[in-house]
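The values are calculated or read from the model by the stated rules, or taken from the named source; none is laboratory data. These numbers were taken from a predicted model, which means no experiment stands behind them. Cβ placement follows ideal geometry from the backbone for every residue including glycine, while neighbour counts extend to all protein chains displayed.
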Amino acid sequence: MERVLDWSQRVIGGALLVWCLLAAASAFRVALARDRDPIARLDEEFRALVFDLPTRGVIGYLEPYEDAGSNAAIRAYYAAQYALAPRVLVGRVGPEFLIVPHGTPRPGGDPRLDGYDLVATSPSQHRVYRRRAP
């Protein structure tokens with residue numbers, strides 16, 4: 001009888017060990033997938049600009065020179081608006097401060113940035129510009 005209990009305990013213990021390993025692997029896979037969330041990544045990137053902007057008010061947001069209506073451009077705009085609240089982002093130049101996401105300006109110089117000076121650049125290459133005083 002003792003051998004039967006020994007054998008069943010080993011089977012149950014082995015099954016429990018396999019289940020624990022599968023659960024750990026599944027949790028690890030889910031954790032890795034979270035790092036790939038583009039909204040969370042953009043949110044973190046735009047939050048790096050908070051200290052270079054006024055605490056509230058209207059902030060300009062430069063739309064991409066090409067593909068302004070693409071899914072990636074729209075996603076970046078909404079992520080920036082959320083990350084920088086209570087500031088209000090408007091998709092135009094004109095306000096005193098202007099957010100310029102990475103890859104947005106026209107290569108070789110963007111005339112939309114005329115009259116603005118670079119104030120800050122985030123580690124992810126998003127930029128803050130400020131309108132020059134007249």
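Residue pairs whose Cβ atoms lie under 7 Å apart, sitting 6 or more positions apart in sequence or on different chains, and linking a residue in region 81-94 that is modelled with pLDDT under 95 to a partner that is surrounded by 13 or more Cβ atoms within 10 Å (Cβ to Cβ) and assigned to a loop (DSSP other than H, G, I, E, B), are Gly91/Glu63; Val93/Leu62.
Considering only residues in region 78-134 that are loosely packed, with under 14 Cβ neighbours inside 10 Å and among the charged types (D, E, K, R), the one that is nearest to Arg56 (Cα to Cα) turns out to be Arg92. Residues of region 48-65 that are farther than 16 Å from Val119 by Cβ, out of contact with any Pro (no Cβ under 6 Å at 6 or more places or on another chain) and among the charged types (D, E, K, R): Glu63 alone. Every listed requirement among (1) surrounded by 10 or more Cβ atoms within 10 Å (Cβ to Cβ); (2) modelled with pLDDT of 80 or more is met by Phe51 save one, (1). Just one of the listed residues (Gly69, Gly108, Gly103) is of a type in the set (Gly, Ala, Ser), in contact (Cβ under 8 Å) with a residue 12 or more places away in the chain and in a loop (DSSP other than H, G, I, E, B), namely Gly103.
Of the residues Ile39, Ile59, the single one that is in a strand (DSSP E or B), in contact (Cβ under 8 Å) with a residue 40 or more places away in the chain and either surrounded by 12 or more Cβ atoms within 10 Å (Cβ to Cβ) or in contact with a Cys (Cβ under 7 Å, 6 or more places away or on another chain) (or both) is Ile59.
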